1. Going by the alpha-carbon gyration tensor, a ≥ b ≥ c the square roots of its eigenvalues, is region 149-188 rounded (a/c under 1.5) or, if a/c is not under 1.5, prolate (a/b greater than b/c) versus oblate?
2. Pick from 121, 157, 30: which is most flexible by mean-square fluctuation in a GNM of the chain where alpha carbon atoms under 10 Å apart are linked?
3. Just 143, 69, 229 to compare: in a GNM of the chain, with alpha carbon springs under 10 Å, which one fluctuates most?
4. What distance in nm lies between label points placed 7 Å from Cα along the C-beta direction at residue 31 and residue 130?
5. Please compute the net charge surrounding residue 112, taking Lys and Arg as +1 and Asp and Glu as -1 over other residues with Cβ under 15 Å from its Cβ.
6. Mean Kyte-Doolittle of at least 1.6 and a Cα length of 18 Å or more along the axis: which whole DSSP H helices of the chain meet both?
7. For a test of the definition: using alpha carbon positions, the gyration tensor, and the 1.5 limit on a/c, classify region 1-90 as rounded, prolate or oblate.
8. Which FRET efficiency, nearest 0.05, do residue 7 and residue 249 yield, Cβ-Cβ r, R0 25 Å?
Amino acid sequence: MNFHAIRALYKFEMARTWRTLTQSIASPVISTSLYFVVFGAAIGARMVEVDGVRYGAFIVPGLIMMSLMTQSVANASFGIYMPKFSGTVYEILSAPVSAVEIVLGYVGAAASKSVILGLLILATARLFVDFEIVHPVWMIVFMVMTSVAFSLLGFIIGIWADGFEKVQIVPMLVITPLSFLGGSFYSLSMLPPFWQKVALFNPVVYLISGFRWSFFGVSDVSIALSAGMAFALLAVCMGAIWWIFKTGYRLRA
C-alpha cells in the first residue's frame with residue numbers, strides 16, 4: 001500500500017477545502033441554520049412533538065443527514081471531475097498508484113469534509129434546540145458510513161459526468177428530493193398507509209431513520225435494516241468503482 005500517494009491525494013483535496021471555507025463549510029452550515037429557524041421555530045411552535053420528541057429536536061438528525069449526503073456527493077464528484085476536466089487524471093493513472101489508493105485518497109478526503117461539516121451542524125443545532133444523543137457511538141458510525149457511501153457515489157458521478165451540468169444534476173434532482181421524501185422533517189407514521197409503503201422503497205429513509213434512532217431511540221424501521229441498507233450502499237458503490245477501474249470506463253481516452 002502506497003501510503004505516501006494516499007496522503008498526497010488526501011492532503012491536496014483537504015487543502016482545497018481550507019482555501020474555500022466559505023463555499024465548503026460556511027455556506028452549508030448557514031443554510032442548515034435557516035432550516036432550524038424556519039422549521040424548528042415556525043412549524044415547531046405548531047407541531048409540538050413527533051414520536052415523543054420535540055419537533056425542533058426531531059428534525060436535527062434529518063437535516064444533518066441531508067447535508068452529509070449532498071455534500072459528500074458534491075465534494076467527491078467535483079474532486080475527481082476536475083482532474084478529468086484538466087487532463088491531469090492521466091498523470092494519476094500512469095503513476096505507480098493503485099485504484100484502491102486513488103479511491104482512498106479522494107473518497108477519504110470527501111468523507112472527512114462531510115464528517116467535519118456534520119459535527120459543525122450538530123454543534124450549531126445546540127444553539128437552537130436542546131437534545132440528547134442516546135447512542136453516540138452509533139451516531140458516529142452512521143455518520144461515517146453515510147459519508148463514505150455517498151462519497152463513493154459522488155466519485156462514480158464525477159467519473160461518469162462529461163460536463164459540469166452532470167456533476168450538479170444528481171445532487172440537485174436526485175439526492176435532495178430523496179432526502180426531503182426520506183423523513184427528514186416528518187415521521188413515516190404521519191403518512192397515509194399507502195405512502196408509508198411507497199416510502200420504504202426510498203433508501204434514504206433507512207439512513208435517516210437509523211441516524212435518528214441513534215439520537216432519540218425512536219425510528220421508522222428497525223436499526224438492523226438501517227445498518228443493512230448502509231452496508232448495501234457501500235457494497236454497491238465499491239462494486240461499481242471496481243468495474244470502472246477494471247474496464248477504464250470514462251477514464252481512458
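1. On the way: a/c = 5.02, a/b = 2.16, b/c = 2.33.
Here region 149-188 falls in the oblate category.
2. Looking only at 121, 157, 30, the biggest GNM fluctuation is shown by 30.
3. Comparing 143, 69, 229 in a Gaussian network model of the chain, the most mobile one is 229.
4. 3.2
5. Values: positive: 7, 11, 16, 113; negative: 13.
Result for the neighbourhood of residue 112: +3.
6. Values: long enough: 3-19 (24 Å, -0.34); 55-86 (46 Å, 0.91); 99-125 (38 Å, 1.77); 136-160 (36 Å, 2.07); 203-216 (20 Å, 1.06); 223-247 (36 Å, 1.75).
Within the chain the helices that satisfy the rule are 99-125, 136-160, 223-247.
7. prolate
8. Details: r = 27 Å, r/R0 = 1.08.
The value I calculate is 0.40.
Laboratory data are not the source of any read-out in this text; all were calculated from the coordinates shown. On a predicted model such as this, the values are computed, not experimentally measured, just so you know. Cβ sites come from the backbone with ideal geometry, for glycine too, and all protein chains shown count toward neighbours.
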